[in-house]
Structure formats: C-alpha cells, structure tokens
Amino acid sequence: MSNKKNHSKVLFSPQKKIQIENSPKKISFSDLLSPAKTRSDSKNKTKMPQKELEIHISKPSKFVRKGQKSKTTLLSKNNLLSSFLKTSTKLFQNPEFRDYMEDIPLTILSFMKDSSKHLFGIFDGHGGDKSAKLSAQITPDILAKFLKEEPFNVENCLKKTFAAVDLEVKKANYKHVGNTMTLIYIQGKMLFCANVGDSSCVLVYKDKAKKISYDDKCTDPREVKRVEAGNGKIIDDRLNGILAISRGIGDFDLKNKGLISDPHIAKFLVDEDVDYCVVASDGIWDVLQPEDIYRITKQEKNTDIIVENIVNEAIEGGSEDNISCIVICLKDSK
C-alpha cells in the first residue's frame, strides 16, 4: 500500500501438536473440518472435558530495514492436511521507495492448539502501521472465539471476525489509517480465503496457478458500481480521490463514502493436485502474475528459496512498494 511506512513484524509461534490419524476414505463436510477419530476413540465413547481456549500471541519485533531472513516450520507427519506442511515468510521494506514498513504478516501453525488448523494472513497498512499492527494482533483471538461458538460455520466466523476487527480499530480511534486484511484459514482438508483490499492469494496446482482472493480496487467495475450506488465517488481511480481500495479495515472517515469491511470469502478442498498457497501484499502483485508464481514454484522445492525468488523477482521487476510474502507448501516436497 501507499504513504508513510513503519518497520514492524508480527510472527506467531506454533502451538503444541496433537497426534491424529488420517481421515477415512468416505469424508463428509463435517469430517473435512474436524480431526479424524483414532481407533481407541471409536471404542471408547466417553467424552473428555474440553479445555478452555488459550491463544498465545507474541509481541511484534522490530523490522530490519534491509530485509529479513525466511523462516520455515515443519509440522508433524500426522497432520490431516498432508504429511508435510511447510511455510516460509519474507518481508522487504523496499527502502529506495519506502521510508517505513507497513506490511504485517501473520503465521500460526496448530491454531487453537489443534494440529489440523492453521492461520495465515497479510495486513498491508496505509497512513501508518498502527491499524495493520492492531489488526494482526487481535485477529487470532477474535477468530478463535467465533470458531469455538460455531465450529462448522467457518464462513460466518470469518465474516464476523472482519467486522469485529474493524470495530476494534474504530475503538482505538484510528480515523485516518487503515489496512488490507487477507486471511488463509486451513481446517482439516478445507482451505478458506477471506479478504478485503488488494493483498492477494494464489493457489498453485500441479498444472496451473489460480488467484483465489478478490482485489478490491477502485478500478474494478463491480466495486465502482457498489460505491456509486451508495452515493460514494471514485475520483482518479481512488475512493473519494484518496484511497486506492474500496474495502478495508479502518479509514473511518471514508466509511460513509463507500468503504466497507465485508470480506470476499472462498473455500477449497485441498487434494493431491494442490501444491502451494502464496499470500502476499500488492508489492508482489504489482509486478508478478499467478503464472509467474507457478513457474517459480516449479523451479525449486525448498520454501525458503521459493519465497526469496518471488520477492527478488518482484524487486527486479520494478516493485515500488513494501513487500510481504508467505509461501505455504501443502504437499510432500521431498
């Protein structure tokens, strides 16, 4: 995103792993969202008391101006999604064009202390990093609360999470700052993508790459129609002549001008044809297309190298924005 930048980073540590077996061949929708029962569970019907929800959030560390090393995490082989789930993250301030870093990444493996659940996100701030930083910090607890209440209505939980995060930013009195918000939530074999703004997500299949998020740009005909129907104005491809996106968190001086926080939500079954999920800020997508991501992921198996190559190609291609990128490997990459 544009305007002043501040350097910061939010990363979350993996939670305690839970050992679970692969799901049966015949899978219902609820099975896809829930860990499979073990053999001992099927014989013993005694219900164990459910532990209270506990999410540990680490404090954001200072961002290093000249870029940051990638970090890879390897999950248990018993993970429901695949035998191996790896993720690597890279941030780059792009100091030639940006004085501050406003991109905040989010990575939680074994979300809610459940090895079948994982949460990733990109929060790209504008007007400062305050809104993006707050959004990244409070999103996990808010989503966990709603998922505990409605475990089999993930889409509604995501929708309510965006509204709740937006409200908390409002309570913080951040009137003239805001951020994009793109979440990837994996539960069992289902992958959910929810977003506002233009931090995009691409799924890489064995034979293609596909963007699964929706860019809320003020050049999009559907968003222009929606804004104008609500008496808002698009001036020079910007909302009210100010903001390049038509949906986002914060920016409450533009909420009565057509800006909304309602997310686009899509869901996908992660099967053997899905190899990678790549979520990144528009510093990547200003330069690279899904086919570029497909090519890069086919040249290398190591996620650390893949994320380095994606960021480097964006920089060499002329990106003038902050860059944040998360690569999630959804297959056995040995």
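The values are calculated or read from the model by the stated rules, or taken from the named source; none is laboratory data. Computed from a predicted structure; not experimentally measured. Here the Cβ is made from the backbone with ideal geometry for all residues, glycine too, and neighbour counts use every protein chain on show.
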Of all residues in the range 185-208, count the ones that are surrounded by fewer than 22 Cβ atoms within 10 Å (Cβ to Cβ) and part of a strand (DSSP E or B).
3
Odd one out for Ser213 among (1) touching a Ser or Thr at 6+ places or on another chain (Cβ under 8 Å); (2) surrounded by fewer than 23 Cβ atoms within 10 Å (Cβ to Cβ):
(2)
Can you name every residue in the range 112-141 that is part of a strand (DSSP E or B) and under 21 Å from Thr87 (Cβ atoms)?
Lys117, His118, Leu119, Phe120, Gly121, Ile122, Phe123, Asp124
Answer with yes or no whether Glu102 is closer than 20 Å to Val279 by Cα and surrounded by fewer than 19 Cβ atoms within 10 Å (Cβ to Cβ).
no
Which pairs do you get when a residue that is aromatic (Phe, Trp, Tyr), found in the range 98-116, comes within reach of a residue that is at pLDDT 95 or above and not in a loop (DSSP other than H, G, I, E, B), reach meaning Cβ atoms under 8 angstrom, with the pair 6+ apart or on two chains?
Phe111/Lys117; Phe111/His118; Phe111/Leu119; Phe111/Pro140; Phe111/Ala144; Phe111/Tyr185
Identify, please: which residue in the range 142-184 is assigned to a strand (DSSP E or B) and of a type outside the set (A, V, I, L, M) and is, among those, surrounded by the fewest Cβ atoms within 10 Å (Cβ to Cβ)?
Thr182
Residues that are over 20 Å from Asp129 (Cβ atoms) and of a type in the set (A, V, I, L, M, F, W, C), drawn from the range 155-173:
Cys157, Leu158, Ala163, Ala164
Among (1) touching a strand residue (DSSP E or B) at 6+ places or on another chain (Cβ under 6 Å); (2) more than 19 Å from Gly250 (Cα to Cα), there is one condition Val177 misses while meeting the rest; what is its number?
(2)
Exactly one of (1) among the hydrophobic types (A, V, I, L, M, F, W, C); (2) over 16 Å from Pro263 (Cα atoms); (3) touching a Ser or Thr at 6+ places or on another chain (Cβ under 8 Å) is unmet by Ile138. Its number?
(3)
